[in-house]
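Working notes for the structure below.
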Amino acid sequence: MKSITIEGQLRSEFGKKATRQVRSEGQVPCVIYGGAETVNFSAPATSFKNLIYTPDFQLAEIKLGAKTYRCVLKDKQFDTVTDELAHIDFLELVEDKPVAVTLPIRITGQSEGVKAGGKLVVKIKALKVKALPKHLRENIEVNIDKLELNGNIRVEDVVAENIEILNSPRIPIASVVMTRQLRQEEAQDAKKK
């Protein structure tokens, strides 16, 4: 699984004044929770670019002095006016403690319905899951080989070992719809008969 390394400095001062000072230096205030202790730190805004502006699921290796924390991105906040990164929450991974994360969906295979002239419509691009850190992966593969024309693949059809999917089971992930051209051809065939 991909992971990104972020080097930061521990924060000792808190409050609005201290936070403004951190942001004015081009740093982003962050917090790590979920482990033995809550850790407040700051890191340069540029070091988060590859973690935040990507559709991929990645782990964050956060180095603070001599200590390294394995984390997942939990929440991010942006300034409402400047749209700059204002704050980030990380969740520390503890081996025997399950975590809830959002994993992207990777569509694989060639749909029967698309081969017949239909159009593939992807309804959701990620699933909310709960799993132990050792079972986390970059994405969840969904095979669409058996997806027929006017058919759906729903959340309940996804098989992911050692991962509990938290989305509603009836939500469609992908479907194959008839194209306008295919409907017109079927209408013309019906008129000829």
- The answer for the net charge of residues other than Tyr33 whose Cβ lies under 13 angstrom from its Cβ, with Lys and Arg +1 and Asp and Glu -1, is -2
- Helix-only CD estimate at 222 nm, as mean residue ellipticity for the chain, using -39500 (n - 2.57) per DSSP H run (n ≥ 4): -4000 deg cm²/dmol
- With the other protein chains left in place, how much accessible area per residue, in square angstrom, belongs to the chain at a 1.4 angstrom probe? 62 Å²
- Query: Within region 81-193, how many lysine pairs that are 8 or more places apart, or on different chains, have C-alpha atoms less than 18 Å apart?
  - Reply: 6
- How much of the accessible area of region 1-109, in percent, comes from carbon and sulfur atoms when a 1.4 Å probe is used? 48 percent
- Item | Alpha-carbon centroid distance for the pair region 173-190 / region 110-172, whole angstrom | 23 Å
- All Cα pairs of region 47-124, percent lying beyond 17 Å: 63 percent
- Task: DSSP loop (so not H, G, I, E, B), at most 15 other Cβ within 10 Å: list which chymotrypsin sites (Phe, Trp or Tyr not before Pro) in region 5-49 pass both filters.
- Result: Phe14
- Note on the structure: Amide H proximity to Ile4 below 5 Å, modelled H, separation 5+ or other chain, gives Leu59, Ala60, Glu61
- Message: For Cα pairs less than 8 Å apart in space and 6+ apart in sequence, what is the mean separation divided by the residue count of region 1-155, i.e. the relative contact order in percent?
- Response: 22 percent
- Read phi for every residue in region 59-75 and hand back ³J(HN,Hα) as whole Hz from Karplus 6.51 cos²θ - 1.76 cosθ + 1.60, θ = phi - 60°, with x for Gly and Pro. 8, 10, 9, 9, 9, 10, x, 8, 9, 10, 10, 8, 9, 10, 5, 9, 7
- Message: Please report the carbon-and-sulfur percent of the accessible area for region 139-193; probe 1.4 Å, protein heavy atoms only, DNA, RNA and ligands left out.
- Response: 44 percent
- For region 60-95 and region 10-51, what is the separation of their Cα centres, given in Å? 8 Å
- Binned at 10 Å from zero, the C-alpha pair distances of region 2-147 give percents of 10, 34, 28, 16, 8, 3, 0
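The values are calculated or read from the model by the stated rules, or taken from the named source; none is laboratory data. No experiment lies behind these values; they were computed from the predicted model shown. Neighbour counts are summed over all protein chains in view; Cβ atoms, including those assigned to glycine, are modelled from backbone coordinates with ideal geometry. Heavy atoms of the whole protein, side chains included, go into the accessibility calculation; ligands, DNA and RNA do not. Shrake-Rupley method; radii C 1.70, N 1.55, O 1.52, S 1.80 Å.
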